[in-house]
Every structure is written in C-alpha cells, then in structure tokens.
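Written out below as structure tokens is the structure these notes cover.
Derivation of every value follows stated rules applied to the coordinates shown; laboratory data play no part. Everything quoted here is computed from the prediction, not taken from an experiment. With ideal geometry, Cβ positions are generated from the backbone for all residues, glycine too; neighbour counts draw on all protein chains shown.
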Amino acid sequence: MRIDLHLHSTASDGTLTPEALVDAAASLGLVAIALTDHDSVGGVAAATRAGIERGVTVVPGVELSADVPGGDCHILGYLVDVGHAPFAAWLAARREARITRGVEIVRRVNAALRSRSGAGAPQASWERVARRADLAGGGSVGRPHVADELVAVGAVTSREEAFASLLGNGMAGDVPSAKVPPAQVIAVIRDAGGVAVLAHPTYLPDFAGRLPDLVACGLGGLECLYGDYAPDVVAGLVALAGVHDLVVTGGSDFHGPSTGAGSGAIGVPLVPDSVLEALARRHGRG
Ligand code: AMP
Ligand code: ZN
Ligand code: FE
Ligand code: FE
C-alpha cells in the first residue's frame, strides 16, 4: 500500500485545497498522506475531515526553513500537535516574517524587471500577491505566489520560468528569510511532540557532513525517497539513515499540476506504508 508524506496545499504555496489533495490521493489509491505546508498547519483540520470521508489517513505535518549558509535547509515536522499553543505562536511569527520578506521580494523583482525592460516593464503588485496567498485568511506567503503574480502580469509564462529568471537562488527575488538555526527548528518540532525529518537532503550543501550535528539536535529522520531521486541516490541516503539511526521517509513535494516543484505528481515516488509505521514507532519513542 502506498502513501505520500510531502504535500503542499493552499494553506501555503500549493495550488490545491487540502480537501482536493485528499480527493486526488484517494483516487490514486493512497492509504495515507501528510500535509506539510510551509510554516502552517492551517490545512490539517480540513484534510483530516476529508480523509475520514475518503478513507485516507492524514498525518499532521509542517515544513520549516532553517538558516544555513549557502543553502536551503528544510525540516519536516511529522505527527506534531497542531493545538500546541507555543508551536502555533511560533508558526504565526514565521508567517509574519514571510510577509516582510514577500514585500521585499516584490520590490526587488519589480526593480529587476524595470532595469531589464524600462519604464513600461510589467510590475507585480504586493496587494495581489497577498490575495493569492490568502494572507487575510492566515495563509503563508512565499516565492511561488510572487511567481504566479509574475505569470498573471505577463512577465513570465510559468512558475518554473519565474524561478529560472527572477526568483531562484542567487537571483533578484531570492531574499533571505529571517535567520533561524536548524537547532531551533528541530527543538520547536520536538516541543510540539513531532518527529523532525531533513527534507530533500541533497538540496543542503554538504548534508552528509552536517548530519551528525543535526542528529545531536534531535533530528529523527531523513527524506530518502523524494521527487526524482535516482536509485543510487536513494540507496546512499538509506545507508546514511542507517548509520545515524534515522527513520527513512518519502514524498512527492507536490505543489499542484505544472508547478515545477518536487516530482510533479502525488504518489511519486512510490512510498510504502511501512514508512509511516516506522515514523509512528519513532514518534512513540519520543
Ligand atoms: P520560499 O518558501 O518562499 O523560499 O519558496 C520556496 C518554494 O519555492 C519551494 O517550496 C517550492 O515550492 C518553490 N520552488 C523553488 N524552486 C523552484 C523551481 N525551480 N521551480 C518551481 N518552484 C520552485
Ligand atoms: Zn513550496
Ligand atoms: Fe522544501
Ligand atoms: Fe516541500
């Protein structure tokens, strides 16, 4: 039986609602999914309700960004207590920081567009980005919302092109997030009763060298099955997980059709439900 433990919804930068994700997963025959929105557990309740109707187990999850020089360190939190008040407050503060950053991303991207094409250049509007991200409803704004706005104003034709030309790492719209060290991110997840898992490890420069420190901070798992990882990459990660006694997890990082993120399809790569059993055992260990 198959599962997918890395999915984004409209509670952050995915294009499908939590209910639509559950529907899609059920149609594909998945028995369990985890919702892992950036800095938000706002979609978990709706997904859980839909999951009860459709016979899909919904694992409460979240994806947090930690500051590491020169790379993306994303840490997934699984089986977190979404009602834990300090956790909710911490997430709300992170979403606030995303708003400040989002305003700056729009400012810098607009400046880049003007320097490229002059005064008549298409310009993104922060107000529209805020609506796309549903900030009034507690949404979590990120670069993908700016990408969608750039598509809407005709500056680019897709999210992928927006990242390739303006928003990708090192480009005009790559504004750093407020600095939070990985140790703090892992502690926040554990304090909320969750298991902390390093997402898409290869995106983190020298991940193998950094792993002992992360494990010392309480990291509990490694996302070995991810997106389009080749079999040899997966095998290397699984071996590394064994060395550090980390639970092996996996998921698609699906953000919606044609969004250019993750594998691009729910349930890809194939993740067996034994992965969730192992995660639950680790959760029980505390
Ligand atoms: P942010 O949280 O604002 O830093 O944005 C990071 C998100 O941007 C990731 O979770 C992906 O959804 C998306 N992303 C990053 N790189 C790309 C890319 N090359 N193409 C499409 N989406 C991307
Ligand atoms: Zn994302
Ligand atoms: Fe990520
Ligand atoms: Fe993700």
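Have a look at P122, P231, P205 and tell me which one the Gaussian network model of the chain (Cα, springs below 10 Å) gives the largest fluctuation. Of the options given, P231 has the highest mean-square fluctuation. From the alpha carbon centroid of the range 161-177 to that of the range 200-238 is 24 Å.
Considering all C-alpha pairs of the range 194-271, those separated by over 20 Å amount to 29%.
For T10, the residues whose modelled amide H falls within less than 5 Å of its own, excluding neighbours fewer than 5 places apart on the same chain, are L16, T17.
Can you show me the helix-derived [θ] at 222 nm for the chain, built from DSSP H runs with n ≥ 4 at -39,500 (n - 2.57) apiece and divided by the number of residues, rounded to the nearest 500. Provide the component values of the computation, followed by the final result.
Working: 10 runs with 120 residues, N = 286.
After summing the helix terms and dividing by residue count, I get -13000 deg cm²/dmol.
Dipole orientation for the range 104-167: of the candidates A162, P144, A119, A119 has the Cα lying most toward the positive pole (charges on Cβ; Lys, Arg +1; Asp, Glu -1). Across every direction, the projection of the convex hull enclosing the Cα atoms of the range 72-112 has a mean area of 3.9 nm². Put the Cα centre of the range 244-286 next to the Cα centre of the range 1-72 and the gap is 10 Å.
Rounded to the nearest 5, what is the percent of antiparallel bridges among the DSSP beta bridges in the chain? List each step's numbers first, then the result.
Numbers: 14 of 30 bridges.
Taking every DSSP beta bridge with both residues in the chain, the antiparallel ones total about 45 percent.
Evaluated at q = 0.10, 0.12, 0.20 Å⁻¹, the base-10 log of the normalised Debye intensity for the range 81-197, with identical point scatterers placed on the Cα atoms, takes the values -0.36, -0.50, -1.04.
Rg(Cα) of the range 104-167 divided by 2.2 N^0.38 Å? Don't jump to the answer; show the numbers that get you there.
Numbers: Rg = 11.3 Å, N = 64, 2.2 N^0.38 = 10.7 Å.
Compactness ratio reported: 1.05.
In percent, rounded to a whole number, the relative contact order of the range 104-167 is 29, using alpha-carbon pairs under 8 Å and six or more apart.
Taking the Cα centre of the chain as origin and assigning +1 to Lys and Arg Cβ atoms and -1 to Asp and Glu Cβ atoms, the resulting dipole is close to 580 debye. Its Cα gyration tensor gives the chain an equivalent ellipsoid. The semi-axes, each the square root of 5 times an eigenvalue, are 30, 21, 18 Å from largest down. Calculated from the alpha-carbon coordinates, the range 242-286 shows an Rg and a Dmax of 13.3, 39 Å respectively. Only one residue of G77, Y229, T10 has its Cα farthest out toward the positive end of the dipole of the chain, where Lys and Arg carry +1 and Asp and Glu -1 on Cβ, and that residue is T10.
Report the convex hull volume per residue for the range 27-150, counting only C-alpha atoms, in Å³. Could the numbers behind the result be given before it?
Working: hull volume 18.2 nm³, N = 124.
For the range 27-150, the hull spanned by Cα atoms encloses 147 Å³ per residue.
For R285 and A239, the FRET efficiency from 1/(1 + (r/R0)^6), where r spans their Cβ atoms and R0 equals 25 Å, is about 0.70.
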